[in-house]
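Working notes, structure below.
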Amino acid sequence: MKHENAIIMTPSITVKSTPDESGTDLFILHEGHKVIIKDNTMKEWKEILLEDGNAGWVPTSAIEVI
């Protein structure tokens with residue numbers, strides 16, 4: 001499976017444990033941070049992976065594929 005790279009496009013975004021606003025807050029990313037899209041199967045949410053191995057879910061609107 002091919003992983004796509006993306007950039008955080010919002011000033012800051014809280015990464016969630018599940019693809020839902022009610023999910024647990026894991027960490028915060030800021031605009032310009034590069035991430036890997038790990039799960040691209042959902043329309044509204046994407047699972048992202050960081051270079052340090054951390055992963056979580058963000059709204060699709062918060063990222064842009066590069």
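Observations
- Per residue solvent-accessible surface (Å²) - the chain, probe of 1.4 Å: 63 Å²
- Taken about its Cα centre, the chain carries a charge dipole of about 160 debye when Lys and Arg each add +1 at the Cβ and Asp and Glu each add -1 at the Cβ.
- Accessible surface of the chain [probe 1.4 Å, protein heavy atoms]: carbon and sulfur percent: 52 percent
- Both the radius of gyration and Dmax for the chain are 10.4, 30 Å, in that order, over alpha-carbon atoms.
- The chain: trypsin sites (Lys or Arg not before Pro) in DSSP loop, at most 15 other beta carbons within 10 Å: K2, K43
- Shown here for the range 1-64: GluC sites (Glu not before Pro) in loop regions (DSSP other than H, G, I, E, B) with at most 14 other Cβ atoms within 10 Å, namely E21, E31, E44, E51.
- Taking the chain as a Gaussian network of alpha-carbon nodes connected by springs under 10 Å, the highest mean-square fluctuation of the residues I28, I36, I13 belongs to I28.
The values are calculated or read from the model by the stated rules, or taken from the named source; none is laboratory data. This is a predicted model, so every value here is computed, not measured. With ideal geometry, Cβ positions are generated from the backbone for all residues, glycine too; neighbour counts draw on all protein chains shown. SASA here: full protein model, heavy atoms, side chains in, ligands and nucleic acids out. Shrake-Rupley method; radii C 1.70, N 1.55, O 1.52, S 1.80 Å.
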